[in-house]
Amino acid sequence: MSAAEPARPNGPDCGPMAAVIHLTKERRPRRHRSERTTVPPQPDGPLTPEQRLAAKLERVFAGHHLSLTDDDTRLAYTVTIGEVRTLMDGAHRKGDLSDEAHHLVDAMLEGILRAVDQLP
């Protein structure tokens, strides 16, 4: 039996058929995520803007039972930010994003990429 089967039976009043793919048949087991849900210890004394941003990002990820100190999570984060930059570059080339806006948003994206380097 194939993974796709008709969504409803054939008949004169059924209209077009749609294939249904049973995802559970082909689904690979998920890898175990990090159990870490707490923010790593922060440096003593005043924090730089990058350190504050890194702590904020780590709190957000910890709220989802993830940590940017995990190599796989950090890689996914980096790839995602890279793709956002690619989309933004395309909008800029099409003229949907001004030079000034492109520069500002790109600098912000670069900042959030660099901020995770402040994590242990």
Complete set of residues in the stretch 76-106 that are among the polar types (S, T, N, Q), more than 14 Å from the chain's Cα centre (by Cα) and either within 18 Å of Val116 (Cα to Cα) or outside any loop (DSSP other than H, G, I, E, B) (or both): Thr86
Residues (charged (D, E, K, R) and farther than 14 Å from Pro49 by Cα) located in the stretch 72-120: Asp72, Arg74, Glu83, Arg85, Asp89, Arg93, Lys94, Asp96, Asp99, Glu100, Asp106
Can you tell me how many residues in the stretch 70-120 are of a type in the set (Ser, Thr, Tyr) and open to solvent by 40 Å² or more (accessible area, probe 1.4 Å)? 4
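The values are calculated or read from the model by the stated rules, or taken from the named source; none is laboratory data. Since the structure is predicted, the reported quantities are computational estimates derived from the model, not experimental observations. For the accessible areas, the whole protein counts, side chains as well, though only heavy atoms, and no ligand, DNA or RNA atoms are used. Shrake-Rupley method; radii C 1.70, N 1.55, O 1.52, S 1.80 Å.
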